[in-house]
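Some notes on the structure that comes next.
Readers should treat all values here as calculations from the given coordinates under stated rules, not as data from a laboratory. Only a predicted model underlies this, so the values are computations on that prediction, with no experimental measurement involved. Counting neighbours? That spans all protein chains shown, and the Cβs are built from the backbone with ideal geometry, glycine included.
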Amino acid sequence: MLKSGGGQGGAGLRTRGQPQALLSPVSRDPIPSQGGATIAVLQGNSLPALVQRELERMILTGDLPAGAKLNEASIADLLGVSRGPVREAFRALEESGLVRLEKNRGVFVRQIVVEEADEIYELRAVLDEFAGRRVAQSISTSDLRGLRSLVDEMDRAVARADVDAYHRANLAFHETLVALAGNGKLLRTYRRLVNELHLYRRTTLATAGTLPVSAREHHEILDRIAAGEVAAAGRALFDHAMGSRERMHRTRERNAGTVSAVARPRAPR
């Protein structure tokens with residue numbers, strides 16, 4: 001249902017009344033939605049693109065969890081649109097690596113196994129190194145200032161122990177850096193890899209002690225780029241990606257150990 005939005009002019013796509021939970025027909029578990037959420041409409045954006053952006057936000061924040069089956073009718077009702085834009089958004093989200101479409105079964109939020117996550121981290125490390133080397137060769141003062149402001153945002157998030165804010169700044173830093181490399185194909189490939197890793201990355205950052213370590217690594221990356229140290233900048237980014245992979249494994253092992261300890265029956269006295 002399109003309603004005129006307040007604030008800075010233009011129409012806004014709003015939820016119709018009180019948004020209902022999006023239900024998975026497979027598990028019947030509720031998938032939480034953003035109560036009263038509004039998709040801000042920017043001039044020039046198509047309705048399917050707006051729906052795609054909102055669903056992407058809900059997936060990346062965990063409102064739509066990995067493995068969940070997405071109900072086309074429920075989402076259309078939640079966002080106040082017809083099913084057509086939702087269907088188009090699903091196709092775009094499949095191309096970006098966030099959902100998978102299964103014939104005769106439906107649409108599911110993509111869930112990757114740890115072996116695939118390992119492969120993605122390795123590929124991402126190589127792409128990050130290439131981007132870092134290229135950016136260190138020719139970054140402008142204004143672009144460097146933009147990267148520094150994102151690292152400052154990470155520092156403030158660490159001080160507040162705000163995982164969500166850190167995650168957003170972290171994603172923006174790497175996206176900006178890869179974009180500055182000036183290779184469109186690289187950027188599109190990188191975005192897909194990042195989307196596929198989102199679940200593991202968010203969970204890893206939430207592990208105690210991870211944020212300060214990650215922040216220090218970003219400072220090292222920024223320092224090497226600012227100094228124009230091409231090889232060192234590339235290496236810092238490569239090591240950061242591979243370090244993230246190791247942290248992912250430690251987090252999984254720690255979580256598995258916690259579950260095992262809780263489930264283990266006590267020995268009789």
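At-a-glance table
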{"item": "Stretchable slack from residue 252 to residue 105, in nm (0.36 nm times residue separation minus alpha-carbon distance)", "result": "50.0 nm"}
{"item": "Placed amide H near residue 111: partners under 5 Å, 5+ positions off or other chain", "result": "67"}
{"item": "Cα gyration tensor shape of segment 183-248, rounded if a/c is under 1.5, else prolate or oblate by comparing a/b with b/c", "result": "oblate"}
{"item": "Extension gain, residue 66 back to residue 160 (0.36 nm per residue minus Cα-Cα distance, nm)", "result": "31.1 nm"}
{"item": "For segment 40-151: rounded, prolate or oblate by the Cα gyration tensor [a/c cutoff 1.5]", "result": "oblate"}
{"item": "Mean Cβ neighbour count within 10 Å, used as a protection proxy, ranking 78-90, 130-142, 103-115 highest first", "result": "78-90, 130-142, 103-115"}
{"item": "Gain in span if fully extended, residue 49 to residue 88, counting 0.36 nm per residue against the direct Cα distance", "result": "13.2 nm"}
